[in-house]
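The values are calculated or read from the model by the stated rules, or taken from the named source; none is laboratory data. Values in this document were obtained by computation on a predicted structure and should not be read as measured data. Heads up, the Cβs are rebuilt from the backbone with ideal geometry, glycines too, and the neighbour counts pull from every protein chain shown.
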Amino acid sequence: MGKKYKTTEKWWLGLIILFYALYNIPGVPAYGDANGALWHGVLTILPLWIVSYGGMILLTKQRRLKKNPNMEMTGAAQEAAAKEEK
């Protein structure tokens, strides 16, 4: 069928869902509570950001994209090659 998910991917997805759910609890923090809003941000938004980007970096290192041989030359290199052929 396809590649199975690695343990790292499962943890990453689980943490993303956890912090996203915690961020979206209705009524937390109370409306107008500035101190509560700061704590809410530190305990939910900041970890969500760290887990998102840290996980993407880690997973990119674990599963590298395959190089496409047809995409080796791009942009200016293709134009130069086309001019040389003429």
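Quick notes on this structure:
- Condition broken by residue 78, with the remaining ones in (1) modelled with pLDDT under 90; (2) within 26 Å of the chain's Cα centre (by Cα) satisfied: (2)
- Breaking point among (1) modelled with pLDDT under 90; (2) in a helix (DSSP H, G or I), for residue 44: (1)
- Flag for residue 66 being modelled with pLDDT under 90 and touching a helix residue (DSSP H, G or I) at 6+ places or on another chain (Cβ under 8 Å): no
- Residue list for segment 14-31, filter: in a helix (DSSP H, G or I) and surrounded by 13 or more Cβ atoms within 10 Å (Cβ to Cβ): 15, 16, 18, 19, 20, 22, 23
- Unmet criterion (only one of (1) at pLDDT 90 or above; (2) on the phi > 0 side of the Ramachandran plot) for residue 12: (2)
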